[in-house]
Amino acid sequence: MSAHLLAQSARTQLSALAATAQSDPNSWMATRTGIRRYDAVDADARSAAVLILFGELDSIPSNYDAKAPAVSRELDVLLLARALTLRSHPGQIAFPGGRIDPEDDGAISASLREAEEETGLDPAGVEVLGALEAVPLSVSQRLVTPGLAGWERPSSVRVVDVAESAAVFRAPVADLINPANRGVTVLQRDGHEWRGPAFLVYQDGNEHLVWGFTAMLLDSLFRQLGWAEEWDTSRVLPFPRHP
């Protein structure tokens, strides 16, 4: 099967998942690992959105053959590394996104606007597949809606503002699914232990740790789509040390 057909297969699955999420809002999170529970937020929590944008890598495919037929070596997802100078989550890998402004036409509109501002992509070349149920994050008091999308006409991506992002890249999905690149992060705070899924991804010779909210979304998404493979949930990945 050609890479194009595999990408179309992935797109079909993602569209179906988004449609199911609209009819049964809790369905897409039903297979999360249970490593961490999502907490409730206050009634005045801020609304935000992220864009989970899939496509086909232009030149650097994965060297791992995923078991899921829909996951070709060329399938990728857009990620960015937050600037080390930011006060909130410096250096952390994230999806493009941010708060939903009053002038935005909903969560998808906000995620596309933020993605354009952060990565320079052309929204006209993005096919919106649908939105998933909003995820409450008690730590930041935000209600975050993930939007699923696929490239129709890929445009170049880059760091638009160095004060906001340190890197923008398209990561091979097969690399994220590869059990060799999976583990958990462990955070000790106020006498409590927080454990969450994590992924290692390599870009331009640099190793990036995907953890926290972004990793939880990827983990839940891969499981719900049937793309996930068994991995060592006892393997602890250390947090990167930033200068």
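Relative contact order for the chain using alpha-carbon pairs under 8 Å, separation at least 6, rounded to a whole percent?
Computed value for the chain: 24 percent relative contact order.
Is the chain rounded, prolate or oblate when judged by the Cα gyration tensor, a ≥ b ≥ c being the square roots of its eigenvalues, rounded requiring a/c under 1.5 and prolate requiring a/b larger than b/c?
rounded
Give the calculated FRET efficiency between R153 and D101 to the nearest 0.05, with a Förster radius of 22 Å applied to their Cβ-Cβ distance.
Computed FRET efficiency for R153 and D101: 0.25.
Could you please report the charge total around A66, scoring K, R as +1 and D, E as -1 over all other residues with beta-carbon less than 11 angstrom from its beta-carbon?
-1
I'd like the FRET efficiency for T85 and R46, computed as 1/(1 + (r/R0)^6) with the beta carbon distance as r and R0 of 30 Å, rounded to 0.05.
0.85
Under the classification rounded if a/c is under 1.5, otherwise prolate if a/b is larger than b/c and oblate if not, where does region 165-206 fall, given a ≥ b ≥ c as square roots of the Cα gyration tensor eigenvalues?
Since a/c reaches 1.5 but b/c is at least a/b, the shape of region 165-206 is classed as oblate.
Report in % the part of the accessible area of the chain that belongs to carbon and sulfur, leaving out ligands and nucleic acids; probe 1.4 Å.
Roughly 49 percent of what the probe reaches on the chain is carbon or sulfur.
Sticking with the crude label model, points 7 Å out along Cα→Cβ, report the distance from V160 to D232 in nm, one decimal please.
That separation, rounded to one decimal, is 4.0 nm.
Tell me whether region 68-157 comes out rounded, prolate or oblate; compute the Cα gyration tensor, take square roots of the eigenvalues as a ≥ b ≥ c, and use a/c under 1.5 as the rounded threshold.
Rounded, since a/c falls under 1.5.
What number comes out for the charge environment of I177, summing +1 per Lys or Arg and -1 per Asp or Glu over other residues with Cβ under 13 Å away?
-2
Can you list residues whose amide H is under 5 Å from S47's amide H, if they're 5+ apart or on another chain and H is modeled 1.01 Å from N?
Here I100, L143 satisfy the definition.
Can you figure out the FRET efficiency of Q22 with F239, using R₀ = 25 Å and their beta-carbon distance, to the nearest 0.05?
0.10
Going through region 63-115, which trypsin sites (Lys or Arg not before Pro) have at most 14 other Cβ atoms within 10 Å and a DSSP loop state?
K67, R87
Roughly how many Å² is the accessible area per residue of the chain, as a whole number, for a 1.4 Å probe?
Solvent-accessible surface per residue comes out at 49 Å².
What nm value, rounded to one decimal, do you get for the distance between I60 and H192 when each label is placed 7 Å out toward the C-beta?
Those two pseudo-labels are separated by 3.8 nm.
I want the local charge near A134. Using Cβ-Cβ distances under 12 Å, sum +1 for each Lys or Arg and -1 for each Asp or Glu among the other residues.
So the environment of A134 carries a net charge of +1.
Find how many whole Å separate the alpha carbon centroid of region 49-84 from the alpha carbon centroid of region 140-168.
13
Please compute the Cα-Cα pair-distance distribution of region 51-100 with 10 Å bins starting at 0, giving whole percents from short to long.
Per 10 Å bin, starting at 0, the Cα pair percentages come out as 22, 37, 28, 13, 0.
The values are calculated or read from the model by the stated rules, or taken from the named source; none is laboratory data. Here the structure is a predicted model, which is why all the values come from computation and not from measurement. Cβ: placed from backbone, ideal geometry, glycine included. Neighbour counts: every protein chain shown. Each accessible area value is taken on the protein alone, full model and side chains, heavy atoms only, with ligands, DNA and RNA left out. Shrake-Rupley method; radii C 1.70, N 1.55, O 1.52, S 1.80 Å.
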